[in-house]
Amino acid sequence: DTPQKVTDAIRTACEEQARGITTFVEVVLNQELGEPFRRDAMKKPVPVAGIAKADMKPQQPI
């Protein structure tokens, strides 16, 4: 629910791991992207007009 609860859960998991107890910490996140992510980064790509496969040529080595 809060960053502090995540911190506490990870701290507890680390302490238990030191005692040989494996712990699973599940964190549910939302899909909101904060800055510095671009707003269009998650949009579906669109085809570029005027480009055909025949236009593609292999790169020449330098």
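Could you give each residue of region 8-21 its phi-based ³J(HN,Hα) in whole Hz, using Karplus coefficients 6.51, -1.76, 1.60 with θ = phi - 60°, and x for Gly or Pro?
5, 5, 5, 4, 4, 4, 5, 5, 5, 4, 5, 9, x, 9
Find out how many positive minus negative residues lie around Val25, taking Lys and Arg as positive, Asp and Glu as negative, among other residues whose Cβ is under 12 Å from that of Val25.
-1
Since every read-out is calculated from the coordinates, none of them should be taken as a lab result. On a predicted model such as this, the values are computed, not experimentally measured, just so you know. Cβ coordinates were reconstructed from backbone atoms using ideal geometry, including for glycine residues, and neighbour counts include every protein chain displayed.
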